[in-house]
1. Per residue in the range B:186-201, which ones lose no less than 20 Å² of accessible surface when going from chain alone to all protein chains (1.4 Å probe)?
2. Do you know which residues of the range A:10-55 lose at least 20 square angstrom of accessible area in the protein assembly compared with their chain on its own, with a 1.4 angstrom probe?
3. Can you compute the charge dipole magnitude of the range A:108-253 about its Cα centre, using +1 on each Lys and Arg Cβ and -1 on each Asp and Glu Cβ, nothing else charged? Give it in debye, rounded to the nearest 20.
4. Would you pull out the residues with amide H under 5 Å of residue A:129's amide H, same chain only if 5 or more places away, H placed 1.01 Å from N?
5. Can you list the lysines whose alpha carbon is less than 28 Å from that of residue B:180, not counting same-chain residues fewer than 8 positions off?
6. Counting only heavy atoms of the protein chains, get the accessible area per residue of the range B:86-164 (1.4 Å probe) and round it to a whole Å² value.
7. Once fully extended, how much extra length lies between residue A:206 and residue A:228, figured as 0.36 nm per residue of separation less the alpha-carbon to alpha-carbon distance?
8. What number, rounded to the nearest 500 deg cm²/dmol, is the helix-based mean residue ellipticity at 222 nm of chain B, given -39500 (n - 2.57) per DSSP H run of at least four residues and division by all its residues?
2 protein chains.
Amino acid sequence: MASRPYLLISNDDGVTAGGINFLIEALRPVADLLVVAPDSPRSGQGCAITPTHPLIVREVRNEPGLRVYACNGTPVDCVKVAVNELLERRPDLVVGGINHGDNSSVNCHYSGTMGVVTEGALQGYPAIAFSLCDQSADADFTPLRPYLVDMVFKAIAMGMPPFTCLNVNFPKAEKFAGVKVCRMAKSRWERETVRCRHPYGQDYLWLVGECRELEPEAEDTDRWALAHGYVAITPTSLDYTAYGLIDILQASF
Amino acid sequence: MASRPYLLISNDDGVTAGGINFLIEALRPVADLLVVAPDSPRSGQGCAITPTHPLIVREVRNEPGLRVYACNGTPVDCVKVAVNELLERRPDLVVGGINHGDNSSVNCHYSGTMGVVTEGALQGYPAIAFSLCDQSADADFTPLRPYLVDMVFKAIAMGMPPFTCLNVNFPKAEKFAGVKVCRMAKSRWERETVRCRHPYGQDYLWLVGECRELEPEAEDTDRWALAHGYVAITPTSLDYTAYGLIDILQASF
């Protein structure tokens with residue numbers, strides 16, 4: 001059925017993760033799906049690409065309306081491989097996720113799930129990322145089900161303006177208070193290293209951290225929405241120009 | 001001399017690259033430097049972090065006014081390690097580069113050099129990235145010398161607004177036509193995979209590509225400036241909210 005939407009799906013938790021497989025099952029009844037996802041977890045890869053190593057792609061599933069591939073690259077590599085090698089027609093939407101963990105606020109800078117939709121939008125396609133604020137491997141995605149199809153169809157119907165995408169975060173909850181369109185909250189990661197000692201004596205560091213809110217009272221942010229039980233939709237721009245600074249800088253430089 | 005500026009420097013080409021060592025020698029006469037850079041090339045790492053492997057840090061140089069460390073992590077990891085483990089006082093500026101290669105337009109999404117300054121700004125420090133549009137290992141950085149100190153001091157004097165940083169790209173030239181403050185040009189990478197065959201028969205892909213300008217006539221972009229011999233300064237925002245979409249989405253979702 002050529003009139004069914006055609007979706008390109010990837011993630012950063014890898015092709016076997018619960019989140020992407022829940023997404024596949026939720027969207028399969030209503031759309032044809034091409035899934036190209038990392039062959040192992042790639043959290044925190046942001047928009048990293050792999051120019052220095054060969055990329056290997058392996059078919060995992062090939063069924064009517066669903067093809068799934070595993071790739072040894074990053075989330076962005078997966079989208080590039082799909083676009084250049086595997087897409088059968090122009091996708092109506094690129095979908096990232098469902099991520100196991102929070103991609104609101106500054107987390108989006110490091111997020112491989114946001115890498116997927118950033119790359120999708122840079123390639124010229126509408127794109128939407130889904131994340132659940134629950135990092136556990138057996139996170140319960142059931143409460144998201146009615147939202148996923150609805151939001152996918154709305155995103156397709158809207159068509160996103162060029163160089164934008166959507167970042168949707170769900171709080172960990174059985175029911176949601178509603179949906180809020182938000183701006184990205186300002187926050188800062190702190191206490192990000194823990195020093196350990198190898199049995200042979202060398203020190204090494206684990207990257208960890210705590211995220212400190214810089215504007216906890218602001219009610220228009222994604223963090224506020226999530227903290228109050230709402231699904232947070234953050235429209236995201238891929239034009240990073242700080243337009244407000246152009247005139248100021250012109251006077252200085 | 002406590003009144004000398006204190007700069008945190010990193011890059012993505014690695015601690016032995018020509019660009020970062022040229023930067024060190026150019027800035028050393030005027031500032032105290034802490035350098036924490038990847039122990040090997042990490043181009044295209046964007047804002048990737050390494051939450052899943054131990055980070056190892058090795059002292060490379062320890063001289064008056066200059067400490068240099070190599071780290072087995074990404075450019076962003078290097079900044080996080082510096083901030084959490086190595087800084088002796090608050091840095092006046094975080095400096096990325098000098099990158100061997102163009103980080104204008106959409107290249108900034110994938111750039112580890114931009115990862116350095118993105119992370120610096122997310123940590124609350126003013127930050128400036130330098131890139132030369134010459135990927136070769138023996139690129140000639142000499143024409144940049146008078147600009148580096150000048151721009152570093154201007155960036156410190158301005159103090160950057162929170163959640164912003166500067167992306168400076170130099171064209172490959174012996175002399176520059178001037179300096180232009182620009183917006184990020186819209187462009188798109190295309191033809192990004194080349195298929196090869198391993199001697200044992202398996203296909204693999206190399207990530208390559210050509211960058212197509214989407215607005216070559218626009219005279220206010222970084223690409224235009226570089227193509228016409230100017231140094232391009234692109235003020236960059238780390239608040240990725242697409243504010244113009246908030247009202248539109250509120251009506252739909």
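1. Residues losing area: B:186, B:188, B:192, B:193, B:195.
2. Buried by the other chains: A:43, A:44, A:45, A:47, A:48, A:49, A:51, A:54, A:55.
3. Magnitude of the dipole: close to 140 debye.
4. For residue A:129, the qualifying residues are A:96, A:166, A:167, A:168.
5. Filter leaves B:154, B:172.
6. 31
7. Result: 4.8 nm gained on full extension.
8. -6500 deg cm²/dmol
The values are calculated or read from the model by the stated rules, or taken from the named source; none is laboratory data. These numbers were taken from a predicted model, which means no experiment stands behind them. Ideal geometry is used to build each Cβ from the backbone, glycine not excepted, and the neighbour counts take in all protein chains shown. Each accessible area value is taken on the protein alone, full model and side chains, heavy atoms only, with ligands, DNA and RNA left out. Shrake-Rupley method; radii C 1.70, N 1.55, O 1.52, S 1.80 Å.
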